[in-house]
Structure formats: C-alpha cells, structure tokens
1. Looking at region A:85-106, is at least one residue β-branched (Val, Ile, Thr), buried (at least 19 other Cβ atoms within 10 Å of the Cβ) and more than 12 Å from every other protein chain (Cβ to nearest Cβ)?
2. In region B:28-66, how many are in contact with a strand residue (DSSP E or B) (Cβ under 9 Å, 6 or more places away or on another chain) and either closer than 16 Å to residue B:13 by Cβ or acidic (Asp, Glu) (or both)?
3. State whether the residues of region A:32-41 include one that is within 14 Å of the ligand (Cβ to nearest atom), of a type in the set (Lys, Arg) and more than 14 Å from chain B (Cβ to nearest Cβ).
4. In region A:57-72, how many residues are under 19 Å from residue A:124 (Cβ atoms), surrounded by 14 or more Cβ atoms within 10 Å (Cβ to Cβ) and either within 14 Å of another protein chain (Cβ to nearest Cβ) or within 14 Å of the ligand (Cβ to nearest atom) (or both)?
5. Condition check: crowded, with 19+ Cβ neighbours inside 10 Å, at the interface with chain B (Cβ under 9 Å from one of its Cβ atoms) and not in a loop (DSSP other than H, G, I, E, B). Does residue A:135 satisfy that?
6. In region B:12-27, how many are within 14 Å of chain A (Cβ to nearest Cβ) and either surrounded by fewer than 18 Cβ atoms within 10 Å (Cβ to Cβ) or not aliphatic (A, V, I, L, M) (or both)?
7. Restricting the search to region B:133-179, which residues are free of Cβ contacts under 8 Å to residues at least 12 places away in the same chain and part of a helix (DSSP H, G or I)?
Amino acid sequence: MSEDEENREMIEIFVMGKRYKVPKGLTIMTALEYAGYKYVRGCGCRGGFCGACATIYRTEDEYKFKMDLACQTAVQDGMFLVQLPFVPAVREDFDIEEVDPKENDNVMLDYYSEIARCVSCNTCTKACPQDIEAMDYVQAALRGDVERCADLSFDCIQCGLCSIRCPADIKHYHLAQLARRITGRYIHEHSDELEKRVQEIKNGEYDDKMKEMVEMEMEELKKLYEERDIREEG
Amino acid sequence: MEEGYLYYPGCTLKTKASDYEESAMAVMEALGKPLVEMDDWYCCGAVQSLTEDDIMHQIAPIRTMCCAQEQGEKEVVTLCDMCYNVLKQANERMKEKPDDLETMNEFLTEDPDYLGEVDVHHIFEILRDMKDEIKKKVKKPITDLKIAPYYGCMLLRPDHVAIDDTEDPHIMEGLLEAIGAEVIHNPKRTECCGSYHTVNRSDIVEKRVEDIVSRAVKDGADAIALSCPLCQFNLDFHQRNTEYDIPVFYLTELIALAMGIEVGMEKHKIDPKSLLKDKKILE
Ligand code: FES
C-alpha cells in the first residue's frame, strides 16, 4: 500500500470500465489525473466556466445516467464514468444582418427546424450542469420568442450534454447561441458605451497597459486580478 | 376561471397565425370573457401519435394539462384546430387509461401528478354557447358577405373528440348567421386541405385547395371562414396556382368586424381588405 493510500480515505471508480482507487474528495478531473490520465482535450478553465469537461456517469444505486462537469463534481464511490470532450453538432451558418426577428416571425425555426420535434421530455434540462431550463428555451424558440430563449440560456457554457441526450436531435446550445446573437443585434438597446470603448481600443489607448500586463510576473498578475475594482466608474 | 377562460395559444398563434389570436382575444374581451394566457405551456407536438405504446409523444400535451392544474383550472381553451385535436386526444387517453396516466406521472417527476381532471375546449364551442351575446354586440352586420364555412379535419375527427356532427357540422353556420353573413353551403367543407403535405408535396395540397375553393366559388362565396392556421395557410397561399383568389378569414376576424372591432389581418396572402371595402364593411 502506498503512503498516500495509508493516509487518505480511498474510493473506487471505473474510468471507461477500468477500476481505479482514488482519494475521496477529489473532483472527477483531478481523480482522473491521479489515476494517470493526462488531459489533451476535455479540460479548459478548471473553474466551471468553459464547458470543456463534460462527463457522463452512472452510480450503482441509480439506473439513470447522470451528467456533470468533471472539474466541478466530486468523485463518488462506485462511479462508472467517461469523459465527453466534444459533442458533434453542426452549427448553421447565418448572416447576422439577415436574421431580423421583426422581418421573420420564426427565424429560429428556419435555421434549426428540428426544434419542432421537441416532445417536451425535459431530458435536456435534467442533463444541464448549469441548471438551465433548456427545454423551456427550446419551447420559447418554437413560438418565436427569441429574447426569452436568449435570457433563459444566458448561463450556457456549451458543454453539449443537452444535445447528446435529446431524443429529438436538437442542437440546443447552437440554437441558444443564435438566439443570443439575434437578441444582441436586434432586440437589446444599442449601447453607446460599448461603441466608445471599442473605439478607444482601436485607437490604441490600452496598448501600453496591455503590454505591461503581458510582461508581468505571474504572482504580480494574480495580485492585480484579485485586487481589481469592478465597480462602475463615477 | 371566473373572469374569463384559461387560454392555450400554441406556437403558431404566436407567429404565423397572430391575426387569429388578435381577433379571438378582442372578441372574447368584448364579450366580457377574456382569454387569459396560461402562465406556462408547451408545444402540443402538432401531430397526434396513434401508436398504442407511444407515451413519449403524449408528454407535451399532458405537461400542459399539468400547468392548467397547477393554476387551479379545470378548463383550457385553444384556438388552433391542430392543438385542440392533439391536446384533447392525449388528455382523453389519460382519462380513459389509468395505466398510461400512471406511466406518465412516473415520468413527469418534476411536476405534481396529473389527476386527469382538466377539460380541453375549442374556441368555437365557447362562441357557440355565447351566440346570443354575440348577436347583441353586433354593430355592423356583414349582410353583404357570402361566406362558405370550412371545417377541415381536426375539429371533427376522430368522432370522440369532434366538437360537432362529424358529417354535418353547423357551429360555424350558426355563428355566421348570428353576425348577419349569408352562409354558402359547401359540401367540401369537411374534406382535408392536404395538411402537412404542404411541406414537401404541395401538388397534393394544390389539388385539394382547388377542389374546395372552386366549389365554394361556384356556389357564390365571396370568401371562406375557418379556424385552423394550417388550413388557413393552405387555402390562402395555394390559391396562387389556381384561377381563384378569394380571401380566407379566421371566423373570429369576421365576428370582430361585425362587432365593430378593428383587426389587423396583416398576414393574409390574399388581401381581404379590398373585398371588405367593396362590401362597405371597411371604409
Ligand atoms: S474545465 Fe472548464 S468547465 Fe470544467
């Protein structure tokens, strides 16, 4: 028995069918690394933001699949799991200047017509590690309510678990992204501040500051991040 | 609901058939029984699955029934014929087959059990029962208009969800008379418009439409009245390759006009406004 195993409570997990003993309390992601796996894909921010680390698992006491983010979920004893670094789903091309919802009362259906196959099973919502009401935003898209679709899907990190589980083959996360793009372009109010800031960037007003940061030591940069003031100006 | 009726719109009423929603809401408001949209509802699925063991395709309509139950209501009113038919059939199935209801409730873990106590109605049933009130509210009877009612399939078939006699319905005739229109009897009024063939076999739909419209015109109709958004689209849009171009109204648009209520009629393919101007119904 290794020193580690003597000192820590160990649990058993199965990665793609192979048995491993790993310390209790690790996330799925770190447990896999402990077991010797090296992430080439399927890992990004390690903070629950990027959606790269979708994972599917079953536990012995439950017949249903469970889904989560590997970087956010603790390993459990008897977990059978696999990583899902990518979910195949074709994103439709669109020209942002040609998707005005006022011109076309069901523009979403034109690009993602499979949403009409939704049977309201809610499997997508149950799959979502972000607790997004995925079925409800598909339903909003179906009735042409682009803004609601965008609002409900705002926290989506595009891990794709909804789409891999959908019996109607809906590409939820691409659909939702289209809704948010349309909302930004046609529904939300135009922001003068944004335009001003983009112009400032283009004028090179932040170039020096950017260069300064790029050259900073890691510790210094961390300190700067932690102490940043994000309150509104004025 | 004391102050009106709990209303299930369906997706099409929010998009392509917004003319129908607008006119029906205005009419019910004027009759003192407004349609109150459900807090939550789901797409009905638009086709009723007839497969015995297919519970999957009954989920959406029953989820909507759960929403009505959650709001403490026992009745839901629909405008779209397709939604009416699907909701009604799925709901009746749950009432008649306790095993199916149990399976459904076991699946719908996120909602309280559906008790099977909600009833689904079509707006025409409500309007039929309010015919006298409608008559009283008529300000400009549309006497010069010759209207052929068209029922299509979804209000009348299958028999156990029909809102009227399957072979010889009269709901629309009664309502048209109440607003002063001249009713043109069209023997094709219960025939299918071609339905979803419109997606990939428009030749079938065109033949159906020509058949239905030509008969109405031959008997002197100025226009057609109906309620199904898909029938409306087919009969309206697919006249383009025929020699006909008579307007296809939602019955509620005509009722609204007779009651002196302004309606948009924005999404019609064949513009109904010139006919209405000719007949002095619109200025
Ligand atoms: S690695 Fe980014 S969300 Fe898990």
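Coordinate-derived values only; no laboratory data. Every value quoted in this text rests on a predicted model; they were computed, and no experiment measured them. Cβ coordinates were reconstructed from backbone atoms using ideal geometry, including for glycine residues, and neighbour counts include every protein chain displayed.
1. Initial filter on region A:85-106 (β-branched (Val, Ile, Thr)): A:87, A:90, A:96, A:99.
From what is left, the residues that are buried (at least 19 other Cβ atoms within 10 Å of the Cβ) are A:99.
Next cut, more than 12 Å from every other protein chain (Cβ to nearest Cβ) only: A:99.
Yes: region A:85-106 contains one or more residues that are β-branched (Val, Ile, Thr), buried (at least 19 other Cβ atoms within 10 Å of the Cβ) and more than 12 Å from every other protein chain (Cβ to nearest Cβ).
2. Residues in region B:28-66 being in contact with a strand residue (DSSP E or B) (Cβ under 9 Å, 6 or more places away or on another chain) and either closer than 16 Å to residue B:13 by Cβ or acidic (Asp, Glu) (or both): 11 in total.
3. So far as region A:32-41 goes, yes, one or more of its residues are within 14 Å of the ligand (Cβ to nearest atom), of a type in the set (Lys, Arg) and more than 14 Å from chain B (Cβ to nearest Cβ).
4. Looking only at that region, the number is 4.
5. Spelling it out, residue A:135 is indeed crowded, with 19+ Cβ neighbours inside 10 Å, at the interface with chain B (Cβ under 9 Å from one of its Cβ atoms) and not in a loop (DSSP other than H, G, I, E, B).
6. 9
7. B:136, B:159, B:177
Yes or no, residue by residue, for (1) surrounded by fewer than 17 Cβ atoms within 10 Å (Cβ to Cβ); (2) facing another protein chain (nearest Cβ under 10 Å); (3) on the phi > 0 side of the Ramachandran plot:
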position	(1), (2), (3)
B:10	no, yes, yes
B:29	yes, no, no
B:33	no, no, no
B:36	no, no, no
B:44	no, yes, no
B:58	no, yes, no
